[in-house]
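**Q** Please find one structure pasted underneath; my questions will follow.
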Amino acid sequence: MNENPILRVSTKILFAPIILFGLYVQFHGDFGPGGGFQAGVIVASAFILYSVVFGVDEGKKLFPSNINLFLLALGGLLYGGVGIASMLLGEEFLSYNILGSSPQSGQHIGILLIEFGVGLTVSNVMIALFNAFVSFKSGKDK
Amino acid sequence: MISELIINAFLVTVMLAIGIALLRTRTLIFTVVLTSAYSLVAALMFITLDAVDVAFTEASVGAGISTILFLAAMAYLPKEEEENINSQTLPALTCILLGGILIWCSYDLPEIGLLSSPVHQHIVPDYILGSRDDIGIPNIVTSVLASYRGYDTFGETIVVFTAGVAVLVLLKNNTQTSKQKNKNSKRKVS
């Protein structure tokens, strides 16, 4: 918990733009530099900044731990699910061509979905790790 | 060409300076901050090599989030590193020998961006053309990462997931017991 008003106000102002930038990096990865890994880290940094300034308990109120862990697993499942979906439609694992009306649109859909899965997993792993480290009590404190 | 040389020389000098500073510091927080600075310079170096995606990753992961995680983990470590009492001549000799071999080998590397070098001849032309014709995505890095090498990226995602879950499980026991203790102490107060 930080009482410095400049930090608190600037965190509140910066929070939404950081997430917006993360989403831009996530979904613009097909056209420019970026993708799931970078976007996940950027989105996670917004939540970590909030936790650092307002305290871990406030951060957990903003983004509860159970949702965090659920999304952490959902990202990997989404990636694997796209692979399974293409198998069920009669192609090989992770062959996106079958997912859309034309091979190109199938590729677009597949890449968008798996990048989103990567982003979900990476961002939630980072937030979960930060929370675990911060709320970890070492043996000395007991 | 000459400007590229100046930029590269500057970046290498900064990297060397950070490396020497890293060797000399014994305070953990300086080590963490200097490692972050090193990653940032490395990111700039990747930009001079036109590898913007790698630079982006290095800047966000290497300089950004790993610094935060190091700082969060550092709270449980002593502030100063202990003085190393072992002899340092053998490690130094090994490093110099290995570095010398690597520099010697680097003379055999093809020039950066040379079209006739083997890496640009094998499968890369297929990827570059396929990214335009089969996938329709301007960023070739994304099409290789997500489509042509989708299996590898799936593996990477699962590695991140597994590593995260493993750390959470390792730390979980301790946090739970402390939470229970807090509850017990609160009950006592009330």
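**Q** Find the centroid of the Cα atoms in segment A:77-142 and in segment A:1-44, then give the distance between the two in whole Å.
**A** 19
**Q** Can you compute the label reach from A:Val56? Point 7 Å from Cα along the Cβ direction, backbone N cut-off under 16 Å, restricted to segment B:143-170.
**A** In segment B:143-170, the label zone of A:Val56 (backbone N under 16 Å from the point 7 Å along Cα→Cβ) covers B:167-170.
**Q** Let me ask something else about it. Report the label-to-label distance for B:Ala51 and A:Phe93 in nanometres (one decimal), using points 7 Å from each Cα along the Cα→Cβ vector.
**A** For the pair B:Ala51/A:Phe93, the computed spacing is 2.8 nm.
**Q** With n ≥ 4 as the cut-off for DSSP H runs, can you work out [θ] at 222 nm for chain B, using -39500 (n - 2.57) per run divided by the number of residues, rounded to the nearest 500?
**A** -22500 deg cm²/dmol
**Q** Once you've got the GNM for chain B with C-alpha springs shorter than 10 Å, pick whichever of B:Thr57, B:Thr25, B:Thr94 has the biggest mean-square fluctuation.
**A** B:Thr94
**Q** Could you give me D for segment B:1-80, from Stokes-Einstein at 4 °C and 1.567 mPa s, where the hydrodynamic radius is the Kirkwood radius over C-alpha pairs? Units µm² s⁻¹, please.
**A** Numbers: Rh = 13.5 Å.
Once the numbers are plugged in, D ends up at 96 µm²/s.
**Q** Would you tell me the mean number of C-beta atoms belonging to other protein chains that fall within 10 Å of each C-beta in B:161-172, as a whole number? Spell out each step's value before the answer.
**A** Numbers: counts 10, 2, 2, 11, 6, 0, 6, 8, 1, 2, 8, 2.
Per residue, the number of nearby Cβ atoms from other chains is 5 on average.
**Q** In whole angstrom, and with the biggest value first, how far do the Cα coordinates of the protein assembly as shown range along each principal axis?
**A** 73, 58, 39
**Q** Given Cα pairs under 8 Å that are at least 6 residues apart, what percent is the relative contact order of segment A:5-135? Could you put the intermediate results ahead of the total?
**A** Details: 173 pairs, mean separation 38.2, N = 131.
RCO, segment A:5-135: 29 percent.
**Q** Right, something else. Could you give the nm distance between label points at A:Ile13 and B:Leu90, where each point is 7 Å from its Cα heading toward the beta carbon?
**A** Going from the A:Ile13 label point to the B:Leu90 one covers 5.8 nm.
**Q** Quick check: convex hull of the Cα atoms in segment A:12-142, volume per residue, rounded to a whole Å³?
**A** In segment A:12-142, the Cα convex hull volume per residue is 124 Å³.
**Q** Now a separate question. Mind giving me the FRET efficiency for A:Glu3 and B:Ile20? R0 is 25 Å, r the Cβ-Cβ distance, nearest 0.05 is fine.
**A** Given R0 = 25 Å and the Cβ-Cβ separation, E is 0.05.
**Q** By how many degrees, 0 to 90 and rounded to 10, does the Cα axis of helix B:89-106 deviate from the longest principal axis of chain B?
**A** Its long axis makes an angle of about 30 degrees.
**Q** Under a point spin-label approximation (7 Å from Cα along Cα-to-Cβ), what is the B:Glu111-B:Ser3 distance to one decimal in nm?
**A** 2.0
**Q** Further question: Using only the alpha-carbon atoms, how far is helix B:28-48 inclined from the longest principal axis of chain B? Give it as 0 to 90 degrees, nearest 10.
**A** 20
Any read-out appearing in this document is the output of simple, stated calculations on the displayed coordinates, not a laboratory observation. These numbers come from a predicted model, not from an experiment. Counting neighbours? That spans all protein chains shown, and the Cβs are built from the backbone with ideal geometry, glycine included.
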